[in-house]
Amino acid sequence: MNPVAFSRNAAVAVITLDSPPVNALGAAVRAGLVEAIGRANADEAVSAIVIAAAGKAFIAGADISEFGKPPVPPFLPDVLDTIERSPKPVVAAIQGVALGGGLEVALACHARVALPSAQLGLPEIKLGLIPGAGGTQRLPRLIGAAKAFPMMLSGDPIPAGRGLEWGLLDEVVSSDLLATAIRVAEGLAGEGRRPVTSAAVDKLTEADRAAFEVQAKDALRKAGEMPNVPALVEAVRNVFLLPFEEGLAAERKLFLALVDDPRSKALRHVFFAEREIAKVPGIGPEVKPRPIASAAVIGAGTMGGGIAMCFANAGIPVTLIETAQAPLDNGVNRIAAIYDISVQRGSLTPEARAARLALIKPVVGLAGAAGADIVVEAAFEEMGVKQQIFGELDKVTKPGAILASNTSYLDVPTIAAATKRPQDVLGMHFFSPANVMKLLEVVRPKGVADDAIATAVALGRKLGKVPVVVGNGFGFVGNRMLEQRTRAAERLLVAGALPYEVDQALVDFGFKMGPFAMADLAGNDIGWRSRKARGLKAPVADAICEAGWFGQKTGRGYYLYPQGARAGQRCPEVEALIQRISAEQGVTRRAFSQAEILARLLDPMVNEGARILEEGIAARPGDIDVVWINGYNWPAWRGGPMYWADGVGLDVIAKRLEAQAAESGDKALEPAPLLKRLAAEGKGFASFGAAAG
Ligand code: 3H9
């Protein structure tokens, strides 16, 4: 099917893009556009042209899947040049999103009209890129650099109304978009006018330049690892320094260099991985989610309160349930205080705060869950407690209600066994703070109904989460791998590293925090309690807890926090304690390079990831990457642990693990069969999904 249709409406040629799902500008669309513009210009009966689009999007941008492959002409900048140079005026009729190359198409047109619901943006920054088809040159010329630069820096789209206000759009109409575009096109043809953005200069004032330079300085200060921020600053600055053509050439050069940058490649991997998670094996689009109009959350602690906020924030009424009035009141007060901070910061209006609080109904007793379409249990992490609650919920909730546990580690089928409706019982594992963290592990135990899983996924999206469906098994995906890292960190201490060295290695890698700073923040007693329950030992971590050093809340943990300081200071006592434990174990301590520390922390995680894949706990390596990026702060520009491992080379990782296993005698460090096999075949995890079909 030709993705670009050509038709005539009196003297106006209407070019309609129809390339589902989002009219991305792949090679066929680009060729079709050039051909259609040529045809319109060759047709004497045509005096003006409209570019419109079928489907929900105008154009979602360049086809991201083409990046990194051999380029196929015509190239997008040349297509836009053809549009802008068209002797007959071209008008863009925008519905849905005009993003990236899609907005750049519109900017090359001679006028733009849109529906009020249209969204206009240049999100390339989120892919580690900058606009590469004139966006950095045309948008500042049209609306001024001080408005254009923040749009490109955040990558967030603006609504049509603002586009109109800023002069990005010529008209916004609530109906008859195509008819309006045709009218505007006829008008321009009649006036003999063809306003060309690349020639516009009146917005490029000294004041605009000064305002942009202030923004640029701030952006560069915060740029961190991303090379596209300085590139964006350079490209936009060029609008004040270079003629359009030269600015365009400079932008192209910067863009092409970024496309080859490993950080952009990793971000593109994450883009597709975050969309793949929507494809749940065995659950097709024919499986419809159950309607969710109301919810109940069991437990008004930090976790339950955060989950209740997620529902309220999404406009879903939620009953918050506790066993007694006092903890319920505490929970509600905590929620109100969090909303208060948002109001103080200006991110929430007092009215919205009131509306959200009004959606949360505090109730004592499980009978409060009777009317809910979904119940999320966030009670104490103990099987007996959970079973008792689910047994009770089975009696009070309505038929077909989804019963979800927020357990982090426990066996979901055992929880479900307390009910007579295992088909409705699943896990919804939120991450703390639940109202902030994006990750949601949707745990799919055997025996659960497909539409129950589809419901949890659809609901997760409605709550603004990134829902990843995972199999049932201790720690699911994220915590199971985290445990490997935690063990590795403890081993490193005994072998010769110090907490600050281990943490620094991860911070330099791109994490916000290392494992010991994180443990101090979360409370060392949590892991201690869990180890004791499972009969596990970690000599350093246990000794620290026995000393009562639980972390920030006690003023000291692996680090010292004098007067409530947030950044920990090295603690000589802890370091002496670690050295003593090494000596007790007969270990001769040695220095570790940063690279060695990283390998020892991350390789065991990857190994566990391989086991998780083999067991079918995660469907694809990309799912594991999405979990770690959205739940554990893995730097997105490194693509996630499995993607990172492919970059290092699985043979390298397998050899390092073998060496570690031999040195420590710990069989768990031996390479997992999948890792071994792929390493021997010279393949990466990326081949795993393909092999499994
Ligand atoms: C660019 O334009 C560079 C230029 O400046 C210069 C070039 C020279 N390409 O998200 P969804 C697919 S860079 C290829 O689930 P939604 C997506 O993979 C680009 N595929 O739906 C999925 O496929 P599948 C700048 C794309 O309704 C399907 O469409 N543009 C692209 O929640 C549905 O996607 C962007 O960064 C694409 N550009 O959201 C925009 N876009 O069904 C990126 C989507 O097989 N896209 N797909 O899994 C988005 O932000 C969202 O997808 C959008 C729709 C808002 C459009």
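Okay, here's what the table says:
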{"item": "Whole-angstrom gap from the range 206-278 to the range 94-111, using each part's C-alpha centre", "result": "19"}
{"item": "Translational diffusion of the range 125-200, µm² s⁻¹ [Kirkwood Rh, Cα pairs; Stokes-Einstein; 37 °C; 0.692 mPa s]", "result": "233"}
{"item": "Convex hull (Cα only) mean projected area of the range 295-474, reported in nm² to one decimal", "result": "9.0"}
{"item": "Sulfur and carbon atoms: percent of accessible area, the chain [1.4 Å]", "result": "57"}
{"item": "Rg and Dmax [Cα atoms of the range 511-573; Å; Rg one decimal, Dmax integer]", "result": "11.4, 35"}
{"item": "For the chain, convex hull volume per residue from C-alpha positions, Å³", "result": "180"}
{"item": "Protection proxy ranking, peptides 393-405, 188-200, 110-122, average beta carbon neighbours within 10 Å, highest first", "result": "110-122, 393-405, 188-200"}
{"item": "Pairs from LYS438/LYS512; LYS69/LYS126; LYS126/LYS438; LYS361/LYS446 whose Cα-Cα separation, in the structure shown, is over 25 Å", "result": "LYS361/LYS446"}
{"item": "Cβ crowding within 10 Å averaged over residues, with 343-353, 44-54 ranked highest first", "result": "44-54, 343-353"}
{"item": "Rg [Å, one decimal], Dmax [Å, integer] - the range 139-281, C-alpha atoms", "result": "18.6, 57"}
{"item": "Heavy-atom accessible area per residue - the range 1-137, 1.4 Å, Å²", "result": "33"}
{"item": "Ratio of Rg to Rh over the range 633-693 (Cα coordinates, Kirkwood Rh, two decimals)", "result": "1.02"}
{"item": "Counted charge near LEU366, where neighbours are those whose Cβ lies closer than 12 Å (Asp, Glu -1; Lys, Arg +1)", "result": "-3"}
{"item": "When the range 27-152 is reduced to its Cα atoms, the Kirkwood hydrodynamic radius in Å", "result": "14.9"}
{"item": "Packing-based ranking, highest mean first, of 127-139, 154-166 given that Cβ atoms within 10 Å are counted", "result": "127-139, 154-166"}
{"item": "Rg/Rh (Cα only; Kirkwood hydrodynamic radius) as it applies to the range 46-103", "result": "1.01"}
{"item": "Relative contact order [Cα under 8 Å, 6+ residues apart], the range 295-474, whole percent", "result": "20"}
{"item": "Of all DSSP beta bridges in the range 4-260, antiparallel share, percent nearest 5", "result": "30"}
{"item": "Square roots of five times the Cα gyration tensor eigenvalues for the range 385-501, Å", "result": "32, 16, 12"}
{"item": "Equivalent ellipsoid semi-axes - Cα gyration tensor, the range 4-260, angstrom", "result": "28, 20, 17"}
{"item": "For the range 583-624, the fraction of alpha-carbon pairs in successive 5 Å shells from zero, as %", "result": "5, 20, 16, 13, 15, 11, 8, 9, 3"}
{"item": "Cross-link reach list, lysines versus LYS667, counting only Cα pairs under 21 Å and skipping chain neighbours closer than eight places", "result": "LYS537, LYS655, LYS676"}
{"item": "Inter-label distance for ARG590 and GLU225, nm, one decimal - labels placed 7 Å from Cα along Cα-to-Cβ", "result": "2.8"}
{"item": "Radius 10 Å from Cβ of LEU410, net charge of other residues (Lys, Arg +1; Asp, Glu -1)", "result": "-2"}
{"item": "Whether the range 181-220 is rounded, prolate or oblate, judged on the alpha carbon gyration tensor where a/c under 1.5 counts as rounded", "result": "prolate"}
{"item": "Accessible surface, the range 513-584, averaged per residue in Å² (probe 1.4 Å)", "result": "53"}
{"item": "Cα principal axis extents for the range 594-687, largest first, Å", "result": "34, 29, 22"}
{"item": "Residue-span extension gain [ALA200 to LYS667] - 0.36 nm each, minus C-alpha spacing", "result": "161.3 nm"}
{"item": "DSSP beta bridge pairing in the chain, given as percent antiparallel to the nearest 5", "result": "25"}
{"item": "Length released on extending from LYS537 to PHE380, taking residue separation times 0.36 nm less the Cα-Cα span", "result": "54.2 nm"}
{"item": "The chain, relative contact order [Cα under 8 Å, separation at least 6], %", "result": "8"}
{"item": "Along principal axes, Cα extents of the range 227-272, largest first, whole Å", "result": "36, 15, 14"}
{"item": "Within the range 295-474, percent of DSSP bridges classed antiparallel, to nearest 5", "result": "15"}
{"item": "Charge context of ARG556, other residues only, Cβ under 11 angstrom, K/R +1, D/E -1", "result": "-1"}
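The values are calculated or read from the model by the stated rules, or taken from the named source; none is laboratory data. Computed from a predicted model, the values in this text were never measured in an experiment. Glycine also receives a Cβ, built like all others from the backbone with ideal geometry; neighbour counts cover every protein chain displayed. Side chains are part of the model used for accessible areas, which takes the heavy atoms of the whole protein and leaves out ligands, DNA and RNA. Shrake-Rupley method; radii C 1.70, N 1.55, O 1.52, S 1.80 Å.
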